[in-house]
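The structure under discussion appears below in the form of structure tokens.
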Amino acid sequence: MEQFVWHTQSLQCLLHLSSGQCKVASRGLLEAIQSTGEEELCQMHVPEGLLPTFSQARYEELVRQLTSGQDRLISFSSYLRTWKSRPRPEESALTKQRAESSRNGALRVEVEMQLVYTDPAASPAHQGGTCGCGSARAALEVCSTSSIICPASSECLVLLHFWPCPDRTAQLEDQVRALQKQFEYTLDLIPTLVFIKDAQGRYLFANEALCQLYRKPKGEVVGRTVREIWGNTHPEALYRFFEEDDRKVLEDAHTTFYQDQCIKGEPNRYFRALQMPYKTITGEKALIGFYTDITELKRLLLEAQAAEAVLSEKQRLQLLVDNINVGALQIDRTGDPADPPVYPNPAMEGLIGYTQEEVPTLEVRDHLQLATDPYYVFDDTGVLDCNAAALEFLGYKSKMDVLGKSAKDFSPEYQPDGQRTAEKAKAKKALAKETKKVLRFEWLHKRANGVLTPTEVSIKSLNLEGKEVFISIWHDLTERKAAEAALRAAKEDAEAANQAKSQFLSNCSHEIRTPMNGVIGVAELLLDTPLSAEQRESVETIRSSGDLLLKLINDILDLSKIEAKNLQLEALTFGLREEVHQALALLDQGAREKSLALSLHVSEQVPNLVVGDPMRLRQILLNLLSNALKFTHAGGIHVEVRLAEGEGGAAGADGTSVEYGLEVGDAVRTLEECYLGDRSDGSDAQSARDAQKRVLNEQRQSSKRAGSVSRGPKPAETVPYLAGSGMTSTLVEFEVRDTGVGIAEEAWGCIFNAFMQADSSTSRRYGGTGLGLCICESLVQAMGGRIWLHSVVQTGSSFFFTVRLGVPAQDPVANGQLSATEGATAKSVSRVQSPLVELPDGHELDPQSTPESTVKGLHVLVAEDNRVNQMVATRILRSLGCTFAVVDNGRKAVAACMAGNYDVVLMDCHMPDMDGYQATQQIRIDECKQGRRHLIIALTASALEGDAQKCMKAGMDAFLSKPVRPNDVKVAIETHLKSLTAGKTDSPTSTLEL
């Protein structure tokens with residue numbers, strides 16, 4: 001061993017075990033310490049000598065560890081003493097390097113220490129005996145405790161192996177790199193997102209958790225910003241939030257903390273976020289962030305809150321169950337050990353005779369016997385067990401009458417659905433066995449007395465006492481079936497009553513309109529004859545009274561349709577401006593008689609051609625305008641049409657649209673003046689008027705805010721007559737404003753109710769039934785809008801409503817150009833001495849531009865069974881210059897059309913022998929043989945929904961509801977004859993309701 005150590009170039013030496021004195025040193029060690037000879041080294045103790053920082057006590061402690069077997073090899077760091085003599089030329093470069101790297105005559109080394117033996121064959125063994133080092137070991141007090149026993153022929157020595165440490169700077173750099181790797185490795189192990197960003201928001205460091213969140217490797221995260229990593233996959237607002245948060249930390253040196261920040265993804269994750277200022281090793285500004293994932297914590301918190309809510313609910317239900325007088329049995333299916341598996345309330349304990357503690361000890365069969373519903377346990381062989389309730393249900397006295405029997409023994413051969421009982425029972429059992437779930441279905445059972453009983457059966461497959469069986473519960477459905485039958489009968493009775501009501505209203509309408517046709521028709525004819533002033537006044541009274549009675553009839557019919565939810569809307573393309581003009585034209589005479597100003601303002605933004613129900617729209621306008629005319633005694637009435645807010649409409653956005661005053665008698669007053677008073681000279685008066693005008697405009701704009709009442713739902717995006725058309729729509733707002741008596745604020749809430757008026761004295765003073773506004777509200781809601789009002793007593797009222805109308809793809813008037821037809825109609829209003837003026841785009845209406853009448857000289861057949869109506873019809877035709885013939889039933893009308901040469905047929909729908917519908921169908925069949933076509937116009941006293949469609953379906957060309965006026969007949973004939981002459985339609989089928 002000594003020879004091996006002596007010849008090696010590595011830094012080694014052998015020491016005596018007890019003294020620590022060097023025995024043999026290697027050549028490499030002698031060169032490293034620059035020793036003059038081995039003798040000099042062998043005289044030196046290694047502890048505190050060759051290794052000046054290695055004490056004797058430390059040496060003895062390490063020897064004890066080696067000799068006791070605790071350690072086989074011990075490493076430690078120390079300094080190796082060197083002799084400062086000039087290196088010889090033949091010294092190796094390694095020796096020179098080591099000498100240069102020494103510090104203060106000592107060389108930094110790593111030392112390895114172990115025990116060796118002079119005789120290799122005498123290595124430590126476990127067979128016992130003593131060694132030559134026994135005295136030394138005894139001196140060190142280790143022989144008695146050592147687990148290493150050496151032969152007596154060997155000597156135990158200590159071998160020291162020295163490893164020079166590298167350059168200090170490089171060592172420190174390596175240490176720094178190692179620490180950095182250890183730091184990064186440690187941060188990669190923690191689940192918290194840890195990152196460092198520079199002043200530009202680029203990642204200088206990102207741990208593994210953050211890279212997993214981004215689903216990218218570190219190489220694609222470090223050096224890039226959040227925006228660059230995510231791209232356009234997240235909203236811009238999120239990027240701006242991160243950038244603003246980084247700016248606060250970097251520029252303002254603020255620490256930001258967010259308790260609960262959600263990062264959306266699959267699934268969403270929640271973090272507790274902390275960012276604070278940070279400086280890099282080079283001193284540059286940066287920030288460090290820590291995002292702790294609290295998703296699981298949040299989930300647990302929500303679960304805890306839910307559990308607390310469940311517990312609270314459970315306690316509340318428990319308190320409720322304990323205090324009711326009905327027996328209740330609570331079965332716990334959650335498996336919660338805190339809850340008893342079966343819990344009877346006090347009422348149930350008294351009912352079954354068992355306490356809460358005794359119930360869980362009962363067997364399943366005991367529970368079945370306690371149940372009040374019929375229970376059966378059965379398998380494929382038949383019934384195995386049942387309770388007393390089951391025997392009572394089937395009508396048997398003993399279980400022996402039931403056990404062993406199958407479902408077919410308690411059921412008829414066929415079930416109500418036509419299936420055989422045996423086959424259906426087999427299929428139900430197979431399904432219950434397959435699904436392992438409770439299966440519920442209806443079944444028809446047969447009791448012992450032969451009575452068939454409808455039953456709801458619940459069946460479940462389970463393992464009972466080691467055997468697969470079925471448990472079935474039956475519920476008697478006799479009472480429920482009886483209730484359902486009674487409900488069906490009540491529904492049928494209600495439908496029949498509703499049908500009877502509709503038929504009754506139809507009959508009432510027919511019976512009332514028939515004499516009304518005579519009253520109003522004769523009055524109209526009388527007015528065309530020479531009369532004295534007194535006679536004319538009497539006839540006017542008759543006509544106006546008839547009109548009021550007719551309006552009342554129409555309102556009642558409309559209300560009945562609304563209550564029966566049978567209100568139907570038509571989808572027709574019409575000119576909106578023309579429709580509003582015509583509604584206002586009907587009030588022309590009434591406004592003149594009361595010297596009221598009547599004006600109209602239509603926004604340029606409102607489309608002209610729209611799709612909707614023009615008749616219902618005119619009905620709403622006429623109701624509101626009639627009320628305004630009725631309750632206004634001075635001033636005027638103004639109608640405003642614009643787009644609703646949110647549809648492009650805005651106050652003051654109408655361009656050239658202005659409002660005109662109208663000359664009425666000797667007074668020239670605008671509607672503004674009706675509100676603000678007469679004009680007067682002087683700047684003070686003018687300023688006052690300007691101020692008042694501003695207040696008035698403000699009131700108009702704020703009519704939808706506090707103080708106004710809004711009725712009806714929010715405007716719907718679609719309405720029935722637009723559904724499925726794919727057409728764009730717009731919400732149009734109408735305003736009818738007057739300077740009338742106004743409505744008290746306390747009456748605003750009930751004014752839209754049926755048969756309600758603002759004041760009980762209103763009906764006595766002004767008349768009316770209180771149905772108009774109720775009908776308006778229902779119509780507005782059906783057309784996808786709402787209605788509301790704003791009113792000041794003794795100042796005036798403003799009624800607003802919106803309707804949703806379709807906008808055709810092509811609107812030739814959208815750019816302010818009216819069609820020829822609408823231009824002609826527009827001029828008809830301005831040529832009459834009327835206070836009505838329509839302002840936008842400067843268009844006027846002229847009634848005198850209509851073509852000359854084509855009615856005169858026509859040969860007309862009147863099919864009417866009522867003599868009064870025959871007289872009215874014939875006098876109307878005579879006044880129009882027509883020749884005519886009269887028949888009193890449909891069969892005669894068919895024969896007359898076959899034999900005669902008639903241009904037009906006025907066909908009453910309800911006649912004896914053959915009604916007007918059958919007669920029209922027969923005439924159309926005969927026309928196919930003759931090659932000619934009659935113009936057939938329906939004359940009917942029915943005015944319910946669907947009457948016009950029924951007439952069109954029968955083959956009629958037009959529809960006139962009684963009472964009929966001369967102008968109604970004239971317009972209907974002219975309209976359809978012009979269509980036939982122009983060739984616009986081969987078979988006119990349009991509807992004209994007047």
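Using a 1.4 Å probe and counting only protein heavy atoms, arrange His254, His161 so the residue with the most accessible area comes first.
So the residues, ranked largest to smallest area, are His254, His161.
So which trypsin sites (Lys or Arg not before Pro) in the range 420-493 end up in coil per DSSP with only 11 or fewer other C-beta atoms within 10 Å?
Filter output for the range 420-493: Lys436, Lys437.
Longer than 18 Å from Cα to Cα, which of Lys551/Lys950; Lys197/Lys279; Lys408/Lys446 are they? Say none if no pair is.
Beyond 18 Å: Lys551/Lys950.
Could you state the number of Å between the C-alpha centres of the range 1-37 and the range 463-513?
For the range 463-513 versus the range 1-37, the Cα centre distance is 114 Å.
Just to confirm my numbers, what's the Cα centroid distance between the range 400-457 and the range 896-971 in Å?
Taking the Cα centre of each part, the range 400-457 and the range 896-971 sit 62 Å apart.
Arranged from highest to lowest average of other beta-carbon atoms within 10 Å per residue, in what order do the peptides 307-314, 469-476 appear?
Averaged packing, sorted descending, gives the order 469-476, 307-314.
Using a 10 Å cut-off on Cβ atoms, rank the peptides 227-236, 272-281 from the highest mean neighbour count down.
Ranked by mean Cβ neighbours within 10 Å, highest first: 272-281, 227-236.
Quick one: grab the alpha carbon gyration tensor of the range 850-982, order the square roots of its eigenvalues as a ≥ b ≥ c, and give me rounded if a/c is under 1.5, else prolate or oblate depending on whether a/b is larger than b/c.
It comes out rounded by the Cα gyration axes.
For the range 436-473, which GluC sites (Glu not before Pro) are both in a DSSP coil and crowded by at most 11 other Cβ atoms within 10 Å?
Here the GluC sites (Glu not before Pro) that fit, given the DSSP loop and packing criteria, are Glu465.
I need the shape label for the range 184-298. Rule: rounded when a/c is under 1.5, else prolate if a/b > b/c, else oblate, with a, b, c from the alpha carbon gyration tensor.
Verdict is rounded for the range 184-298.
The values are calculated or read from the model by the stated rules, or taken from the named source; none is laboratory data. Note that the structure is a prediction, hence the values are computed from the model and not measured. FYI the Cβ positions are ideal-geometry reconstructions off the backbone, even for glycines, and counts take in every protein chain you see. For accessibility, only protein heavy atoms count, side chains too; no ligands or nucleic acids. Shrake-Rupley method; radii C 1.70, N 1.55, O 1.52, S 1.80 Å.
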